[in-house]
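Remarks on the structure that follows.
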Amino acid sequence: MSRVRHVDALVVGGGSCGCVMAARLSEDPSLEVLLLESGPGFASLGDVPSEVTDSRLLPVGPSSPWVDTYPAELTPSTPRVIARGRVLGGSGAVNGGYFIRARPSDFDAWPASWSFADVLPYFRRLESDVDFTGSAHGDAGPMPVSRVAAGARAPITDMFVDAARRAGFAADDDKNAPDSVGGVGAVPRNVIGDIRTNSALAYLLPALSRPNLTVEDRSTVLSVTFDGTRATGVLVARRGGVERVAANTVILCSGAVRTPQLLMLSGVGPSEELRLHGISVVLDHPRVGREISDHPEVGVYYSFPDTGRPASLLEAVLHVDDLEIRPYSAAFDRMIPFHPIGDPMIGVGLMKPESRGSLSLRSNDPADAPIVRYRYLEAASDRAALAGGVDLVGDMLGGVVPIAPGSGDPLLGRLGTSLHLSGSCAMGQGNSVLDDECRVRGIDGLRVVDTSAFPVVPTRGPHATAIMLAERASDLVRGTVA
Ligand SMILES: Cc1cc2nc3c(=O)[nH]c(=O)nc-3n(C[C@H](O)[C@H](O)[C@H](O)COP(=O)(O)OP(=O)(O)OC[C@H]3O[C@@H](n4cnc5c(N)ncnc54)[C@H](O)[C@@H]3O)c2cc1C
């Protein structure tokens, strides 16, 4: 092992949240900040390959160099491989570009200090909304927010919006408005022109010239080190060796799969499980990796003329009850190189599922992906809601476009995940993993700031809420929270 460096704040993972944390913390010149990212990084916008910024592509197909893949169980009989970003910018660098706020009522499940009134200033601070102004919207933040105007949309989107309006659903033009009540309308996107922005582009690269900020890519943290129950730094694999880095504060931003795995590998997790894998227990934390949540999605395939490759995979959605109906604007194989689904699809996403899953260690080897069990559809109410959504799509569109019937189980064969995994190290009361400042309970000097920290998956896509979380958590670390 070589030299021991020491920093004030060590951010593990340069994804959606990690880039925000490193950029915001390094605004304080008295803080020495180090960001370690497992995947490849970039020194300037000009270095970023177009497939990472092209909103018409999701570079998550087989052999993509920008993702990590994990075998997962959606249900015990439905294995899938899930992908997450492994590149500066993280999953936000490879995602669908749909960038919508959680609903105000979602924060009822969060600790009291994260009410909608507490978080709205941070939703405003993170964005520059080019379509809406006023007290609920931001106009000077790093993340651009735009919508595709009616008339500029893919034909399938316009056809879907018209069908939803004819079926009696309300127009919902500003889905980020606090008083939006659902209905059909344009999706807010972190896309300008054909460029999908992510937090590396928006926050981190512009801050790289700061002398107190260091970013090291291709650096995989293996574990957190401790002195008793105080986190002292990390062990990181880079350039063929293992180094120790010491830090006053370690902030885990490795995403909802790798963060709980890292905690467990470091000795913080359910003690029985840790012992099973020969890991010394630093602190028994029974809820690490437990009660994970995500949005199950069932695909309804249809026939429609090929519409090419539009600027965004999703241009409008219908919110009805706990469902989000997604008329994808192109077949997935158009947007995701080598994707097996070549038929256009309407996605029926369940945004407030009852079922909860779990994540556990496969082994004590950091290179071994953990076991992710979603346990989708376990709750009868989830099944009923999704089946109702599939019927609704048939009723709304059956007369307009021929809907291809699924074979076998009407849900299982077409079941997927929205890739919105949340809650694997949740904030909350009592024995929750994190307190309301994202600190790991019972451990000093260790925080978790990524979608693991969400108490539960929000009822909208998580990306905007993840950036908000990191914006506010950076103020909590600096003691400057509004
Ligand atoms: C294909 C896809 C499409 C999606 N589409 C949408 C969408 O359209 N809208 C939406 O709202 N949400 C979408 N999501 C979800 C959203 O992008 C994520 O919830 C969000 O980006 C997660 O942010 P994060 O900071 O928690 O984790 P991530 O952005 O995943 O960041 C984790 C980072 O940590 C790094 N890392 C992991 N382990 C280590 C380690 N040991 N050492 C160092 N670095 C490490 C990873 O390489 C990664 O860069 C999508 C997700 C995916 C995967």
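Quick notes
- Filter pass, Arg165 being more than 16 Å from the ligand (Cβ to nearest atom), closer than 26 Å to Pro310 by Cα and not in a loop (DSSP other than H, G, I, E, B): yes
- Considering each residue of region 113-122 in turn, at least one proves to be away from the ligand (no atom under 13 Å from the Cβ), farther than 11 Å from His463 by Cα, modelled with pLDDT of 95 or more and under 18 Å from the mean Cα position of the chain (by Cα).
- Some residue of region 456-470 being of a type in the set (Ser, Thr, Tyr), under 30 Å from Gly168 (Cβ atoms) and not in a loop (DSSP other than H, G, I, E, B): yes
- The residue that is modelled with the lowest pLDDT, counting only those in region 200-249 that are of a type in the set (Lys, Arg) and open to solvent by 30 Å² or more (accessible area, probe 1.4 Å), is Arg239.
- Count - residues of region 458-482 that are within 16 Å of Arg101 (Cα to Cα) and open to solvent by 10 Å² or more (accessible area, probe 1.4 Å): 5
- For region 27-54, the set of residues classified as within 15 Å of the ligand (Cβ to nearest atom), in a helix (DSSP H, G or I) and open to solvent by 20 Å² or more (accessible area, probe 1.4 Å) consists of Glu51 only.
- In region 406-434, the residues that are part of a loop (DSSP other than H, G, I, E, B) and within 16 Å of the ligand (Cβ to nearest atom): Ser418, Leu419, His420, Leu421, Gly423, Ser424, Cys425, Ala426, Val433
- Looking only at region 1-26, and only at residues there that are more than 15 Å from Ala247 (Cβ to Cβ) and hydroxyl-bearing (Ser, Thr, Tyr), the one that is farthest from the ligand (Cβ to nearest atom): Ser2
- Condition check for Pro65: open to solvent by 40 Å² or more (accessible area, probe 1.4 Å) and either in a loop (DSSP other than H, G, I, E, B) or within 13 Å of the ligand (Cβ to nearest atom) (or both): yes
- Residues of region 330-374 classified as modelled with pLDDT of 95 or more, open to solvent by 20 Å² or more (accessible area, probe 1.4 Å), under 15 Å from Ile82 (Cα atoms) and within 15 Å of the ligand (Cβ to nearest atom), total: 1
- Of residues in region 416-445 being among the polar types (S, T, N, Q) and within 18 Å of Ser113 (Cβ to Cβ), the one most open to solvent (accessible area, probe 1.4 Å): Gln429
- Within region 76-95, being in contact with a strand residue (DSSP E or B) (Cβ under 7 Å, 6 or more places away or on another chain) and more than 6 Å from the ligand (Cβ to nearest atom) holds for Thr78, Pro79, Arg80, Val81, Ile82, Ala93.
- Annotation: of all residues in region 375-405 being assigned to a loop (DSSP other than H, G, I, E, B), open to solvent by 30 Å² or more (accessible area, probe 1.4 Å) and not hydrophobic (A, V, I, L, M, F, W, C), the one that is farthest from the ligand (Cβ to nearest atom) is Gly399.
- Every residue from region 113-162 that is under 24 Å from Val184 (Cβ atoms), hydrophobic (A, V, I, L, M, F, W, C) and in a loop (DSSP other than H, G, I, E, B): Val130, Phe132, Ala136, Val148, Ala149, Ala150, Ala152, Ala154
- Residues in region 172-219 that are more than 28 Å from Trp66 (Cβ to Cβ) and assigned to a strand (DSSP E or B): Gly183, Val184, Gly185.
- Checked across region 113-129, the condition of being out of contact with any strand residue (DSSP E or B) (no Cβ under 6 Å at 6 or more places or on another chain), more than 13 Å from Ala464 (Cβ to Cβ) and free of Cβ contacts under 8 Å to residues at least 24 places away in the same chain holds for at least one residue.
- For region 96-112, residues that are part of a loop (DSSP other than H, G, I, E, B) and either more than 16 Å from the ligand (Cβ to nearest atom) or over 18 Å from Gly141 (Cβ atoms) (or both) total 4.
- Breaking point among (1) more than 17 Å from Gly461 (Cα to Cα); (2) of a type outside the set (A, V, I, L, M, F, W, C); (3) in a strand (DSSP E or B), for Gly349: (1)
- Region 461-482 residues that are more than 16 Å from the ligand (Cβ to nearest atom) and hydroxyl-bearing (Ser, Thr, Tyr), paired with ones that are in a helix (DSSP H, G or I) and open to solvent by less than 10 Å² (accessible area, probe 1.4 Å) (beta carbon under 9 Å, 6 or more apart): Thr480/Ser474
- Those strands (runs of 3 or more DSSP E) of region 220-335 in which at least 2 residues are among the aliphatic types (A, V, I, L, M), considering only elements entirely within it, cover 220-227, 230-238, 241-252, 296-302, 316-320, 323-327.
The values are calculated or read from the model by the stated rules, or taken from the named source; none is laboratory data. Please read these numbers as outputs of a predicted model, since none were measured by experiment. Heads up, the Cβs are rebuilt from the backbone with ideal geometry, glycines too, and the neighbour counts pull from every protein chain shown. With ligands, DNA and RNA removed, areas are computed over all heavy atoms of the protein, side chains included. Shrake-Rupley method; radii C 1.70, N 1.55, O 1.52, S 1.80 Å.
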